[in-house]
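Here the structure is laid out as structure tokens; the discussion comes afterwards.
The values are calculated or read from the model by the stated rules, or taken from the named source; none is laboratory data. In this text the structure is predicted, and so the values were computed from the model without any measurement. Ideal geometry is used to build each Cβ from the backbone, glycine not excepted, and the neighbour counts take in all protein chains shown. Ligands, DNA and RNA are excluded from the accessible area calculation, which covers all protein heavy atoms including side chains. Shrake-Rupley method; radii C 1.70, N 1.55, O 1.52, S 1.80 Å.
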Amino acid sequence: MHAAPLSFKARADAALADATLKLAIDRTTGTAERKRAAALADFPQFEAARERGQRIKDHVVAHLDHYLAEFERNAVASGARVHWAATADEASRIVVELCRQAGAGRVTRVKSMLGEEIGLPHALDAAGIERVETDLAEHIVQLGGDRPSHIVWPSMHRTREQVSAMFKRAHRVPHRDETIEAMVDSARRELRDKFLGADVAISGANFLIADTGATCTVTNEGNAELTTSPPRMHIVTAGIEKLVPSTAHAFAMLRLLVRSATGADVTQYTTFHCGPRQPGDRDGPDEFHIVLVDNGRTRMLGDAALREMLRCIRCGACMNHCVVFRQLGGHAYGGTYPGPMGAVLTPVFDGLETSRDLAHACTLNGKCQEVCPVRIPLPTLLRGWRDRSWRDGLEPGAMRFGLGVFTFVAARPRLYRLGATLGVRAMRLFARAGWVRGMPGLGAWTRHRDFPAPARKTFMAMLAEGDDVGAGGRR
């Protein structure tokens, strides 16, 4: 009998209580935020580039059928085989069957969140096919038996101290010096022969180029090139929304993706794959397969409230700047994609019934929309899920009752002002040094953090008495 999965609130409680996790998150997201700010300071055309990126993606989404047909036609002309998958299970079955046809005993895999979305790691393991994750962070995730906790830095939930211990246990020739460089060298020694001995390479794609049929992969380690060149078969899995009309459009999007994701001007490796090895080529696969995955994307296309999410280029900027993600990390979200973008996408993939709490976890401060390179209105989309949850009757009875009480009180100004005044006075009784560290009714909040003590008077009282409400009113 399987144990019931943990609720979001239980996962959040566990994350908030994990001091090591908080240290790991702060190290990564803080660095990412600073590097992005520095990169944009040196790129005054960023707002114009954002506007162009939004136009490109909106155009593709509006003409998705045209560009899908164009991409398939040109990919087939280059020698590739294109497969269509309506669901995650179908996509995984196609990949596993291709690996079996190739007689694959070992496959190497480049980091791909689409692969995680369709459950490909589990499907390969279940099929008895040795899977080697070649991205350094994904190698760490695989050794730890984890799932990725970030779409750009999958192992951000691990500290360097934890990684060091894992490498010493698992690597044949572990590092001796406790430095990042030494640990990277250890991983390189462990993985290099596996690159060369793989039968099949599996990668994702950052962009699909419609007018050439090529796929574009962006990495900083060179593992994608090592992964996809030696094996005799290369399989690409990609969501149908990854299309851009041309190579020029891909480079326009890359200017946004790289700065938003890592704060760099350009990644170390930007590679375009177009079909299998041709006569005269020194390397490359004999077979090149592209699996185009829907898995709910056409439903989003037909839903005016969600269509704008198809602009997402998977940069991770929204989660790097999200105050909730930076407290909880990625695993607390429970789905493939964490952070604000995950809170929008997870109900699409897993159903609103099991993920309604994600939209309610958002503070709606708007920072995610502010940093999104293609201007996705994430707070608006999250409010849309809240509204849908209410209309579908998914909200708990206690919440519906509480909101009914609030509605009754708020519609009666005198009663509302009386309640607010009593509430302020009660909270100040529990305040110490400007903070409420514990109080009946605030247990869910104060279990992990303090609550700021309120002003001595309510806002309405200060306004009526002519107080300086802009000063905060803490008198």
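With θ set to phi - 60°, apply the Karplus curve 6.51 cos²θ - 1.76 cosθ + 1.60 along segment 270-276 and write out the HN-Hα couplings as whole Hz, x wherever there is a Gly or Pro.
Each residue of segment 270-276 in turn: 10, 10, 10, 9, 9, x, x Hz.
Could you look at the chain and say what percent of its accessible area is carbon and sulfur, using a 1.4 Å probe and all protein chains?
Details: 12300 of 22610 Å².
Reported share for carbon and sulfur atoms: 54 percent.
Specify whether the C-alpha gyration tensor of segment 86-140 places it in the rounded, prolate or oblate class, a ≥ b ≥ c being the square roots of the eigenvalues: rounded for a/c under 1.5, otherwise prolate if a/b is larger than b/c and oblate if not.
Taking the square roots of the gyration eigenvalues as a ≥ b ≥ c, segment 86-140 is oblate.
Positive end of the dipole of the chain, charges at C-beta (+1 Lys, Arg; -1 Asp, Glu), about the Cα centre: which of Pro174, Thr215, Val107 has its Cα farthest in that direction?
Working it through, the farthest residue towards the positive pole turns out to be Pro174.
Mind giving me the nanometre distance, one decimal, between the label points for Asp58 and Ala411, set 7 Å out from Cα along Cα→Cβ?
Inter-label distance under the simple model: 3.9 nm.
Using Cα positions and a limit of under 20 Å, work out the lysines in reach of Lys168, with same-chain residues fewer than 8 apart set aside.
Lys194
In deg cm²/dmol, rounded to 500, what helix-only [θ] at 222 nm does the chain give when every DSSP H run of at least 4 residues adds -39500 (n - 2.57) and the total is split over its residues?
When only DSSP H runs of four or more count, the value is -15500 deg cm²/dmol.
Pulled fully out, how much extra length does the chain show between Thr179 and Leu40, if you take 0.36 nm times their separation in residues and subtract their Cα-Cα distance?
Separation in residues times 0.36 nm, less the Cα-Cα distance, equals 47.0 nm.
Based on Cβ point charges of +1 for Lys and Arg and -1 for Asp and Glu, what charge dipole magnitude is obtained for the chain about its Cα centre, in debye rounded to the nearest 20?
Values: 63 positive and 53 negative charges, 442 e Å.
So the magnitude is around 2120 debye.
Among the lysines, which have Cα under 17 Å from the Cα of Lys57 when same-chain residues fewer than 8 positions away are ignored?
List returned: Lys242.
Measure nothing fancy, just the Cα-based angle from helix 88-101's long axis to the longest principal axis of the chain, in degrees from 0 to 90, nearest 10.
Tilt of helix 88-101: around 20 degrees.
I need the fraction of alpha carbon pairs in segment 11-92 separated by more than 18 Å, rounded to a whole percent.
Distances greater than 18 Å cover 72 percent of the Cα pairs.
Using only Cα atoms, find the angle between the long axis of helix 19-41 and the longest principal axis of the chain, and express it within 0 to 90 degrees, rounded to the nearest 10.
Orientation of helix 19-41: about 80 degrees from the principal axis.
Which shape class, rounded, prolate or oblate, goes with segment 345-475 when its Cα gyration tensor gives a ≥ b ≥ c as root eigenvalues, a/c under 1.5 marks rounded, and past that a/b bigger than b/c marks prolate?
Taking the square roots of the gyration eigenvalues as a ≥ b ≥ c, segment 345-475 is prolate.
With r as the distance between the Cβ atoms of Ser7 and Leu422 and R0 = 25 Å, compute the FRET efficiency 1/(1 + (r/R0)^6) and round to 0.05.
Numbers: r = 33 Å, r/R0 = 1.30.
Rounded to the nearest 0.05, the efficiency is 0.15.
Explain nothing, just compute: Karplus ³J(HN,Hα) = 6.51 cos²θ - 1.76 cosθ + 1.60, θ = phi - 60°, for every residue of segment 397-402 in order, whole Hz, x for Gly and Pro.
Karplus values, whole Hz, x for Gly and Pro: x, 5, 5, 5, 5, x.
Express in whole angstrom the spacing between the alpha-carbon centres of segment 240-302 and segment 362-431.
41
How large is Rg/Rh for the chain, to two decimals, with Cα atoms and a Kirkwood Rh?
Numbers: Rg = 25.0 Å, Rh = 24.6 Å.
Reported Rg/Rh, Kirkwood definition of Rh: 1.02.
What shape does segment 29-150 have by the C-alpha gyration tensor, where a ≥ b ≥ c are the square roots of the eigenvalues, rounded means a/c under 1.5, and otherwise prolate means a/b greater than b/c and oblate the rest?
Verdict is oblate for segment 29-150.
Quick one: accessible area per residue over the chain, 1.4 Å probe, rounded to a whole number of Å²?
48
Would you mind checking which residues have amide H under 5 Å from Leu243's amide H? H placed 1.01 Å from N; only 5 or more apart, or other chain.
Sorted by chain and number, the residues that satisfy this are Leu208.
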